[in-house]
Every structure is written in C-alpha cells, then in structure tokens.
Amino acid sequence: MTPPRPTTNEPVDPDIDLRSSAQRQEAWRGQGPVVAVVALGGGIGATLRYAASLLWPVQNPGFPWTTLLVNVTGCAVIGVFMVLISEVWTAHRLVRPFFGTGMLGGFTTFSTYAVEIERLVDAGEARTALAYLATTLLAALGAVGLAAVLTRRVLAWRRR
C-alpha cells in the first residue's frame with residue numbers, strides 16, 4: 001500500500017514551507033555552501049583520477065590496474081580521514097563534505113569500475129572481470145579498515 005500523497009496545500013517538510021520565498025532562501029543558505037564544496041572537491045578528485053589514468057594507461061582488455069589502485073588508495077585515505085575527523089579533531093562543517101564526499105568521492109570511481117567489468121566481459125575475459133570485481137571489493141574494504149586501525153595505533157603511540 002502506498003502512503004497518501006500530500007495535497008498541494010500541505011508542505012512536504014513540516015519544518016520548511018517551500019512555497020515561502022524566505023524559507024526557500026534559508027534552506028539554500030544552509031545547504032548552498034555544502035553543495036558548493038562537494039562540487040569543488042568532486043572536480044578536484046575526478047581530475048586527479050583522470051590524471052592517474054593518463055599516467056598509467058591500461059591496454060584493453062587488460063586488467064584495470066590503475067582504477068584498482070585509485071579505488072584502493074582512495075579507500076585507505078577515507079579510513080585515515082574518518083578517524084582523524086571523528087576521533088581526533090573537530091573539523092569545520094565543510095571539511096567532511098569537501099574532502100570526504102567531494103574529493104575522495106570524485107577520486108574513487110564505482111562507475112569506471114562497473115564499465116571496466118563490462119568491457120572485460122564483452123571482450124570474452126569473464127574470469128578477469130570476476131577477479132577484478134572481487135579484488136576491488138576485498139582490497140577496498142580491506143584498505144579502509146586497515147587504514148583506520150593503523151591510524152588509531154599511530155595516534156595511540158604518539159600519545160604515549
């Protein structure tokens with residue numbers, strides 16, 4: 001059963017009436033800077049990923065080492081970053097959206113990963129595609145976890 005749809009006379013969000021110009025502007029003032037820093041960080045991260053693909057091109061239908069390295073490196077940096085901003089220091093409210101969501105989100109790439117798997121399968125390299133799929137998943141999860149653990153250990157060692 002689908003929930004009833006609000007009528008045109010009822011606001012969707014009980015806290016903000018988007019029919020009110022003042023409330024729309026207030027909502028934008030709060031979220032505008034976040035959207036801007038995510039976009040800026042995403043542009044920087046995507047540019048760095050593209051630069052990596054130019055520096056270390058992969059032959060088609062070869063194993064996509066560059067994207068694997070980018071994704072694993074990005075996940076490791078996310079592990080370090082999340083420990084630092086959640087357990088060590090309080091960051092400005094725009095640091096996490098800029099660096100975490102924007103820059104690292106633009107640097108790491110699920111879409112290229114998916115396209116490369118498809119290219120490998122289309123080229124008759126299903127085993128390579130499956131190996132790439134599993135390796136990326138395991139290495140990325142391992143990198144974020146290991147980086148977080150090692151960051152905590154380094155911080156504990158420095159506090160002694």
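The values are calculated or read from the model by the stated rules, or taken from the named source; none is laboratory data. Since we're looking at a predicted model, the values are computed, not measured. When we count neighbours, we look across all protein chains shown, and the Cβ atoms used for this are built from the backbone with ideal geometry, even at glycine. The accessibility values were calculated without ligands, DNA or RNA, using every heavy atom of the protein model including side chains. Shrake-Rupley method; radii C 1.70, N 1.55, O 1.52, S 1.80 Å.
Condition first: among the hydrophobic types (A, V, I, L, M, F, W, C) and open to solvent by less than 30 Å² (accessible area, probe 1.4 Å). Now tell me which residues in segment 92-116 satisfy that.
First pass over segment 92-116, keeping only residues among the hydrophobic types (A, V, I, L, M, F, W, C): 94-95, 98-99, 103-104, 107, 110, 114-115.
Hit for segment 92-116 is LEU104, nothing else.
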Report task. Identify, by number, the condition in (1) touching a Lys or Arg at 6+ places or on another chain (Cβ under 8 Å); (2) modelled with pLDDT of 95 or more that GLY79 doesn't meet. Result -> (1)
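Would it be correct to say that ILE85 is of a type in the set (A, V, I, L, M), open to solvent by 40 Å² or more (accessible area, probe 1.4 Å) and closer than 23 Å to GLY42 by Cβ?
Details: of a type in the set (A, V, I, L, M): yes; open to solvent by 40 Å² or more (accessible area, probe 1.4 Å): no; closer than 23 Å to GLY42 by Cβ: yes.
In short, no.
Kindly establish whether ALA147 is within 28 Å of ARG159 (Cα to Cα), buried (at least 16 other Cβ atoms within 10 Å of the Cβ) and either at pLDDT 95 or above or out of contact with any helix residue (DSSP H, G or I) (no Cβ under 6 Å at 6 or more places or on another chain) (or both). So that I can check it myself, show each step before the final result.
Numbers: within 28 Å of ARG159 (Cα to Cα): yes; buried (at least 16 other Cβ atoms within 10 Å of the Cβ): yes; either at pLDDT 95 or above or out of contact with any helix residue (DSSP H, G or I) (no Cβ under 6 Å at 6 or more places or on another chain) (or both): yes.
Against the criterion (within 28 Å of ARG159 (Cα to Cα), buried (at least 16 other Cβ atoms within 10 Å of the Cβ) and either at pLDDT 95 or above or out of contact with any helix residue (DSSP H, G or I) (no Cβ under 6 Å at 6 or more places or on another chain) (or both)), ALA147 qualifies.
Out of all the residues in segment 30-39, which are within 14 Å of the chain's Cα centre (by Cα) and either buried (at least 16 other Cβ atoms within 10 Å of the Cβ) or not in a helix (DSSP H, G or I) (or both)?
If we filter segment 30-39 for residues that are within 14 Å of the chain's Cα centre (by Cα), which is where we start, we get 37-39.
Within segment 30-39, VAL37, VAL38 meet the criteria.
Within segment 129-137, is there a residue that is closer than 23 Å to GLY45 by Cβ and open to solvent by less than 40 Å² (accessible area, probe 1.4 Å)? Spell out how you get there, then give the answer.
Residues of segment 129-137 that are closer than 23 Å to GLY45 by Cβ, as a first pass: 132-133, 135-137.
Restricting the remaining residues to those that are open to solvent by less than 40 Å² (accessible area, probe 1.4 Å) gives 132, 136.
Scanning segment 129-137 turns up at least one residue that is closer than 23 Å to GLY45 by Cβ and open to solvent by less than 40 Å² (accessible area, probe 1.4 Å).
Within segment 151-160, take every residue that is among the aliphatic types (A, V, I, L, M) and without any contact (Cβ under 8 Å) to a residue 24 or more places away in the chain and give me the one that is surrounded by the fewest Cβ atoms within 10 Å (Cβ to Cβ). First the steps, then the outcome.
Step one: of segment 151-160, the residues among the aliphatic types (A, V, I, L, M) are 154-156.
Okay, now just the ones that are also without any contact (Cβ under 8 Å) to a residue 24 or more places away in the chain, so 154, 156.
Values: VAL154: 12, ALA156: 9.
Result: ALA156.
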Requested in this report: Starting from segment 75-94, keep only residues that are over 21 Å from THR135 (Cα atoms), then list their pairs with residues that are surrounded by fewer than 16 Cβ atoms within 10 Å (Cβ to Cβ) and of a type in the set (Gly, Ala, Ser) whose Cβ atoms are within a distance under 7 Å, requiring at least 6 positions of separation or different chains.
Outcome: ILE85/ALA91
